[in-house]
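What follows is calculated from the coordinates using simple rules that are stated; it is not laboratory data. Only a predicted model underlies this, so the values are computations on that prediction, with no experimental measurement involved. Please note: Cβ atoms are built from the backbone with ideal geometry, for glycine as well, and neighbour counts cover all protein chains shown.
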Amino acid sequence: MFRRKQAPAEVPPPDDMVVIVDRAVDPQLVVFHEPAGFRAEQVRALRNRLVALNPDGEPKTLVVTSAVRGEGKTVTALNLAMAFAELERQQVVVVDADLRRPSCEQYLNLNSEPGLSDVLLGKLPLERVLRPAGYRRLMLLGAGTRVPNPAEVLGASRLDELYQRLKERFQYVVVDTPPCLPSTDAGVLTARADGALLVVRLEHSQKRQTREALRVLQDMGGNVLGTFVTELRGQDPESDRRLAYDPTPTEEP
Ligand SMILES: Nc1ncnc2c1ncn2[C@@H]1O[C@H](COP(=O)(O)OP(=O)(O)OP(=O)(O)O)[C@@H](O)[C@H]1O
Ligand SMILES: [Mg+2]
């Protein structure tokens, strides 16, 4: 732990220091809420594997998707983007490309503002709608103004241009998508991206649907890098305390 050399008079002594955690940010965002916990470490392990897959450190777009609703795509995308943002000198953005049921702003406790749809429709420049996500230097490109025709708005040529522009500015572009079986949006978003992760929710996801999702993504030319399993209750530190590895408390001076 860093120690203050000489605390200025107006700064409270360490004993009185208060750590403020924004409890309104969804508790599932474990990299934010429990950075030393087991689940945050699992996300960092995934991040490290993805970094290892990119030895030249080139800018990459990475889509997070799953077969059907409610499998943990958004939570995984946000946690992963936060884990990337923990790395030194990495500029990271998370994009809410679920134009049908956007939820990144809600998870981050931010207001809904213009974003992706407005950029894709040429209504606003990208620079105007990028904003801090509230965690380190992580930036957010929210879903933006609701549109009646998401599939058309996410046109392939517009997406190519957007991905390209985001990669000029960010090392990692993490894209949250709608589920890939009910609509074609996620397939299009995956086909244009550098890689994709398929989220599987333990005891909820159906093998048949996950297999079908994988087939759809691969048929569209997507580069599926692997799966991320959510709700691994059996390995929760609550069931096995040896899996939690918090730093030992340091002595106060
Ligand atoms: N790793 C996890 N462990 C336990 N619960 C989780 C985990 N990830 C997400 N959840 C819970 O599962 C629910 C769905 O999560 P999330 O919104 O990320 O799913 P989604 O796949 O993005 O859903 P949608 O398809 O509706 O966009 C939420 O209630 C969330 O709190
Ligand atoms: Mg979602």
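Short version: ³J(HN,Hα) in whole Hz for each residue of the stretch 133-147, in order, from phi by Karplus 6.51 cos²θ - 1.76 cosθ + 1.60 (θ = phi - 60°), x for Gly and Pro, what are they?
Using θ = phi - 60°, the values come out as 8, x, 9, 6, 9, 5, 10, 10, 10, x, 5, x, 4, 5, 10 Hz.
Between residue 229 and residues 5 or more places away or on another chain, which pairs have amide H atoms under 5 Å apart, with H built 1.01 Å from N, and which residues are they?
The list, which skips near neighbours in sequence, is 200.
If amide hydrogens are placed 1.01 Å from N in the peptide plane, which non-local residues have theirs closer than 5 Å to the one on residue 115?
144, 145
Considering only DSSP beta bridges with both partners in the stretch 27-236, what is the antiparallel share in %, to the nearest 5?
Given both bridge residues lie in the stretch 27-236, the antiparallel proportion sits at roughly 10 percent.
In whole Å, what is the distance between the alpha-carbon centres of the stretch 182-197 and the stretch 45-110?
Here the two parts' Cα centres lie 14 Å apart.
P(r) tail for the stretch 91-224, what percent of Cα pairs lie past 19 Å?
In whole percent, the share of Cα-Cα pairs in the stretch 91-224 beyond 19 Å is 49.
Could you order peptides 178-187, 148-157, 213-222 by the average number of other Cβ atoms within 10 Å of their residues, highest first?
Working: 178-187: 21.1, 148-157: 13.2, 213-222: 16.9.
Packing order, densest peptide first, comes out as 178-187, 213-222, 148-157.
Residue by residue through the stretch 158-169, which ³J(HN,Hα) values in whole Hz follow from phi under the Karplus form 6.51 cos²θ - 1.76 cosθ + 1.60 (θ = phi - 60°), with glycine and proline marked x?
So the J values, rounded to whole Hz, are 5, 5, 4, 5, 5, 4, 4, 5, 5, 6, 5, 10.
Using alpha carbon coordinates only, what is the Rg to Rh ratio of the stretch 148-201, with Rh defined as the Kirkwood radius?
0.97
Between residue 231 and residue 169, what is the spin-label point distance in nm, taking each point 7 Å from the Cα along the Cα→C-beta axis?
Computed distance between label sites residue 231 and residue 169 equals 3.6 nm.
Which net charge results when you count Lys and Arg as +1 and Asp and Glu as -1 among the other residues whose beta-carbon is under 10 Å from that of residue 78?
-2
Extending each Cα 7 Å along its Cβ direction at residue 90 and residue 112, get the distance between those two points in nm, one decimal.
3.1 nm
Distance in nm between label sites at residue 156 and residue 49, each 7 Å beyond Cα in the beta-carbon direction?
Between residue 156 and residue 49, the label points sit 3.0 nm apart.
Collect residues whose amide H, placed 1.01 Å from N in the peptide plane, falls under 5 Å from the amide H of residue 139; neighbours closer than 5 in sequence don't count.
For residue 139, the qualifying residues are 92, 93, 94, 133.
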